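A quick write-up on the structure given underneath.
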Amino acid sequence: MDEKIVITGMGVIASNGIGKKAFWKALEQGHSGVKEISSFRTNGYETHIGGEVTDFKTDASKPDDRAFQLLDVALSEALADLPAGLLAEKDERLRTGVALGTCQGAILTGAPLHRRYLKPAGEGTAEERAAFQQYLPGQGAHRVAHQLQLGGPTATLGMACVSSAMSVLWAADQLRKGRAGRMLAGGFEAFSPFIFTGFHSLLALVSDYCRPFDANRSGTVLGEGAAVVVLERESDALARGARIYAELKGAGYAGDAIHLTAPDREGGGLARAMDMAFAQAGIAKQDVGYINAHGTGTVFNDAMECAAFQRFFGEAAARLPISSLKPFFGHCLGAVGGIEVVASTLAILHEFVPPTLNHQLCPPEYPWDFIPNQGRAVPGLHTVLSTNSAFGGNNTALLLRRAERSQVTPDSL
Amino acid sequence: MKERVAITGLGIISPLGVGREAFSAALEQGALGFKDELLAPEIVRAVGRVGELVPTSVRLQSSKASQIDVISRYAVESCGQALKDARLELTEEQRDRTGVLLGTAYGCLESNMLFDQYQRAEDGRPTGVSPLYFKSTVSNAAAGWVSILLKLRGVNATFTSGVLAGAQAVAHGADLIADGITDLVLTGGADRTLPLNMLLETPEGVPSSEGACALALESMSRAVSRGATVYGRLRGTFRMSLPDGELATLTVEALKALGTRPNQLTTLVVPETDPVKLEALKASVHARTGLELQLWPLKQQLGECRAAWSVLAVAAVCLRFAAAPENSRGVVYVLDTEPGLEGVVLELSRT
């Protein structure tokens, strides 16, 4: 089944905006959500900043982990793009599946169990069992499937920072093969002391500003959030009169096979992922009008990405508008690929590319167009490449394209 | 054109034995892979253990082996065995088209626990933190290590969907081979059993177990042309929503969807262990299809090894195929379920 796969719903929550309208406004106006960390004390750490969604308070009256509550916000917004009552129909629910990515899922709920169960004192309490149930890696997708009584394929991709990009890829695959009629895909991640402490121990966090693709970049900043997109075959979407945000034209993934936490300095894995995405999309490299890069702001990640873009696009890489959005919302790990799919799609709809904040000086070896500090209009922008890379040596490349029919208009968002 | 999918290599890490021969012998002898263990004061449970395995199928300095978390060692050893078993000398170009797809229900749970064992951050000071443990606190560490140590640079993915994660990885791998997207995949599942999951999740009475299994998948045409040993053919995969976990319904629907001729289906490898429920399943399938099927309740020997189970079941079937006449045409279904959610069938035949 060689059908176009389209995005017909989107929801997002990140530190720079809750909901796609606020999220886009922040991207357009250059407003970052990164600020001093408030959910736990950081006085003994070298860094104190993060992209926490401070406008969203965890509802303590609910048993759900904050990660799931963030997911629920994005999910509700994405589902609101479907006609009211659509998922009330059993047949529609049975043909709808869910694929989500997360790095640590309900770690805020699960972490207290760690030390207690290295040498357990006895049988677990009911409270501990409930906590562990939430903490299971697959629980996010299972929970959505149960809540909505979905009957389609259900999967969780646990692949660190490419988790949600990979879930979008896998979900699209289920549609192409006719195994589902609709897929909800994306990812979620909560800001946690566990992850923050880990990245801190790797000396990967910056203490002042995250400066992707800058000559003086020195580290990343962590964040939290969630994003969910609704994917359908174009024919199904048109048949029900859906508005289409964009087409997911192609997707690819590949491993570096070099090092568990350091990227391939030659960008081999990302280049292979892009090869696969373009092969599936059947479009030319010059069609790409903007690259929404992973751009964590670490020395090695950004150098790897530039090497991969140079390897893949050749000299044209220097002329392509490339930006990283991490300074806007922080690195949201398992959620970030999904959040960036939403950003890339909105960039196409608005014909506007958001900037790389905090960018002052290009690396001498890559004097490229990193869209420093100020976004810009790109009239006619129709194709965006979104890339992500992760611990484990994983890389993903997603190609998003302007919808040819029934396109959402920016003012209707 | 869709390619037929051949299984040309097996890698097995199980409480019944490590490696094809040991596993096969233990299966045939009806051995049990678990024994009683003291989990906590006054709590004794049957547990299937592999323990802290050191990989031997890949060249690995002992200093490096100690940096690798245990579940990754299982994955590395099972994939290393499967690649060796497939008798392939990969060129650099072929390494770019060889993928690693793994599934794990618990993922990096053990590394998360170890990372947290000394670190204290509640007072705002990160002390006792080990970056060595932190790098393994991602569920894709195992697939990452496999790709690094076996130098496999193709597609790479990790499913963490629960019990079905291993079957999902295998199904995804089969898709990639059938569609000609990649030439070879090492695919399977791995899981550890820890006091945390035994005491907080596993129902009492079901032995909690651990292990890993990897399959080398390639197209039948490629396997035949290079003279590979074909253990079996992965004919198809099927999944359905299965909130009630009804294995008879799963079987009947799979028969329809996969187009298996009823008289070809001989055996169901099932996750059920309760003799009464097994009898009821057999009777229900017979009533609905007229088929007298053999049931193979493999968990009775292996225990509950989550995402590794269905892949170990595929390996067990392949080893039985190897002992059967080459022209045998019987089809076997490996059934697995995520409780309360869905069911998966992996359809296998000798050729």
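The values are calculated or read from the model by the stated rules, or taken from the named source; none is laboratory data. All values derive from a computational prediction rather than experimental measurement. For neighbour counting, all protein chains shown are included, and Cβ atoms are generated from backbone atoms with ideal geometry for every residue, glycine included.
Is there a residue in the stretch A:284-297 that is more than 14 Å from chain B (Cβ to nearest Cβ) and of a type in the set (Ser, Thr, Tyr)? Yes: one or more hits. For the stretch A:147-169, a residue qualifies if it is facing chain B (nearest Cβ under 7 Å) and assigned to a helix (DSSP H, G or I), and the qualifying residues are A:160, A:166. Looking at B:198, B:240, just one residue is of a type outside the set (Lys, Arg), touching a residue at least 24 places away in the same chain (Cβ under 8 Å), within 14 Å of chain A (Cβ to nearest Cβ) and under 24 Å from residue A:153 (Cβ atoms), and that residue is B:240. Within the option set B:331, B:345, being within 17 Å of the chain's Cα centre (by Cα) and surrounded by 14 or more Cβ atoms within 10 Å (Cβ to Cβ) holds for one residue only, B:345. Within the stretch B:91-103, the set of residues being of a type outside the set (A, V, I, L, M) and touching a Ser or Thr at 6+ places or on another chain (Cβ under 6 Å) comprises B:97, B:99. The set of residues from the stretch B:33-73 being β-branched (Val, Ile, Thr), farther than 15 Å from residue B:302 by Cα and touching a helix residue (DSSP H, G or I) at 6+ places or on another chain (Cβ under 8 Å) comprises B:43, B:54, B:56, B:58, B:68, B:70, B:71.
If you go through the stretch B:299-331 and keep only what is outside any helix (DSSP H, G or I) and touching a residue at least 40 places away in the same chain (Cβ under 8 Å), you end up with B:303, B:304, B:305, B:329, B:330, B:331. Residues that are touching a residue at least 60 places away in the same chain (Cβ under 8 Å), within 24 Å of residue A:403 (Cα to Cα) and within 20 Å of the chain's Cα centre (by Cα) do not occur anywhere in the stretch A:305-317. In contact (Cβ under 8 Å) with a residue 60 or more places away in the chain and either more than 8 Å from chain A (Cβ to nearest Cβ) or over 20 Å from residue B:305 (Cα atoms) (or both): is that true of residue B:114 in this structure? Taking the combined requirement at face value, the residue does not satisfy it.
Of the residues making up the stretch A:229-277, those that are assigned to a helix (DSSP H, G or I), touching a residue at least 40 places away in the same chain (Cβ under 8 Å) and more than 14 Å from chain B (Cβ to nearest Cβ) are A:234, A:235, A:236, A:237, A:238. Taking the stretch A:52-73 as the range and being among the hydrophobic types (A, V, I, L, M, F, W, C) and part of a loop (DSSP other than H, G, I, E, B) as the test, the residues that pass are A:53, A:56, A:60. Counted as qualifying within the stretch B:1-100 are the helices (runs of 4 or more DSSP H) with 3 or more residues that are surrounded by fewer than 20 Cβ atoms within 10 Å (Cβ to Cβ), namely B:20-29, B:62-65, B:92-96. The numbered conditions (1) within 24 Å of residue A:196 (Cβ to Cβ); (2) touching a helix residue (DSSP H, G or I) at 6+ places or on another chain (Cβ under 7 Å); (3) surrounded by fewer than 17 Cβ atoms within 10 Å (Cβ to Cβ) are all true for residue A:13 except (3).
Criterion first (more than 28 Å from residue A:131 (Cβ to Cβ) and free of Cβ contacts under 8 Å to residues at least 12 places away in the same chain) does residue B:181 satisfy it? When the stated conditions are applied, residue B:181 does not pass them. Of everything in the stretch B:244-258 that is charged (D, E, K, R) and in a helix (DSSP H, G or I), the residue that is surrounded by the fewest Cβ atoms within 10 Å (Cβ to Cβ) is B:256.
Within the stretch A:218-226, not a single residue is modelled with pLDDT under 95, within 14 Å of another protein chain (Cβ to nearest Cβ) and either surrounded by 24 or more Cβ atoms within 10 Å (Cβ to Cβ) or in a helix (DSSP H, G or I) (or both).
Can you say whether residue B:152 is touching a strand residue (DSSP E or B) at 6+ places or on another chain (Cβ under 7 Å) and assigned to a loop (DSSP other than H, G, I, E, B), as far as the supplied structure shows? Yes.
Within the stretch A:15-29, being hydrophobic (A, V, I, L, M, F, W, C) and without any contact (Cβ under 8 Å) to a residue 40 or more places away in the chain holds for one residue alone: A:22. If you go through the stretch B:220-231 and keep only what is on the phi < 0 side of the Ramachandran plot and either crowded, with 17+ Cβ neighbours inside 10 Å or not hydroxyl-bearing (Ser, Thr, Tyr) (or both), you end up with B:220, B:222, B:223, B:224, B:226, B:228, B:230, B:231.
Under the condition of being modelled with pLDDT under 95 and more than 7 Å from every other protein chain (Cβ to nearest Cβ), the residues counted in the stretch B:131-169 number 3. Before we move on, is residue B:127 more than 7 Å from every other protein chain (Cβ to nearest Cβ) and surrounded by fewer than 24 Cβ atoms within 10 Å (Cβ to Cβ)? In short, yes. Of all the listed residues (A:120, A:112, A:137), the sole one being more than 7 Å from chain B (Cβ to nearest Cβ), farther than 16 Å from residue A:229 by Cβ and not aromatic (Phe, Trp, Tyr) is A:112. If you filter the stretch B:1-25 down to residues that are aliphatic (A, V, I, L, M) and under 27 Å from residue B:236 (Cα atoms), you find that the one that is modelled with the lowest pLDDT is B:1. Across the stretch A:21-42, a minimum of one residue is classified as surrounded by 22 or more Cβ atoms within 10 Å (Cβ to Cβ) and over 25 Å from residue A:371 (Cα atoms).
Determine, yes or no, whether residue A:352 is of a type in the set (Phe, Trp, Tyr), crowded, with 18+ Cβ neighbours inside 10 Å and closer than 30 Å to residue A:237 by Cα. The answer is yes for residue A:352.
Restricting attention to the stretch A:38-79, the residues that are among the β-branched types (Val, Ile, Thr) and within 14 Å of chain B (Cβ to nearest Cβ) total 2.
Scanning the stretch B:200-219 for residues that are crowded, with 24+ Cβ neighbours inside 10 Å and either touching a Leu at 6+ places or on another chain (Cβ under 8 Å) or modelled with pLDDT under 90 (or both) returns B:209, B:211, B:213, B:214, B:215, B:216, B:217, B:218. Among the criteria (1) closer than 30 Å to residue A:371 by Cα; (2) more than 12 Å from chain B (Cβ to nearest Cβ); (3) hydrophobic (A, V, I, L, M, F, W, C), the one residue A:202 does not fulfil is (2).
Per the conditions (1) in contact (Cβ under 8 Å) with a residue 24 or more places away in the chain; (2) within 11 Å of chain B (Cβ to nearest Cβ); (3) not small (Gly, Ala, Ser), the sole criterion not satisfied by residue A:191 is (2).
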